[in-house]
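The values are calculated or read from the model by the stated rules, or taken from the named source; none is laboratory data. What you see is a predicted model, and the numbers here were worked out from it, not measured in a lab. Backbone-built Cβ (ideal geometry, glycine too); neighbour counts: all protein chains shown.
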Amino acid sequence: LEHVRPLLDASAFAALERFAPRLRAVAAKTVLVHADFKLSNLHWTDDDRLLVLDWEFAYCGAALSDIGQLLRWAPPARFVDDFANAYRAHGARLPDDWPRLAAAFDLFNLAGLLENQADVTSAQRLADVRGRIAETVTWLST
């Protein structure tokens, strides 16, 4: 938690502190995390199999970290519901408060983008990341 303190403002860090016990509990069961899990890295084959591309940032961590990134830009409710239903249908479990926990995990991902600002290709993209952090913190605080 302390490694993101310099990257986030006080309200974002406070939100992470409030969620820290739940995040630690959820993160206790680790899985292979893609760490760049977004629609542009998901592709369907001609025989209807899903390919997940771009694995160079993969590590062992909390599944909700990838889920937070997938849902970062507020996809439609139907997408979120269909995702959750399919995830559960394939034997995975989601805690009751999974959307908030996933968003809290994504604050770490967003902080990483701020830390590596060279990866953020434009001033607008950097503003978008900061705006997403602010929106997430507001939502987590309600």
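Summary of computed values
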| read-out | value |
| --- | --- |
| Selection count where residues are modelled with pLDDT of 95 or more and either surrounded by fewer than 17 Cβ atoms within 10 Å (Cβ to Cβ) or not aliphatic (A, V, I, L, M) (or both), scope the stretch 98-116 | 5 |
| Unmet criterion (only one of (1) among the aromatic types (F, W, Y); (2) over 11 Å from the mean Cα position of the chain (by Cα); (3) surrounded by 18 or more Cβ atoms within 10 Å (Cβ to Cβ); (4) more than 17 Å from L140 (Cα to Cα)) for F37 | (2) |
| Qualifying position, being in a loop (DSSP other than H, G, I, E, B), without any contact (Cβ under 8 Å) to a residue 60 or more places away in the chain, farther than 20 Å from L113 by Cα and not aliphatic (A, V, I, L, M), among D81, D54, D46, D36 | D46 |
| Options D46, D119: the member that is of a type in the set (D, E) and modelled with pLDDT of 95 or more | D46 |
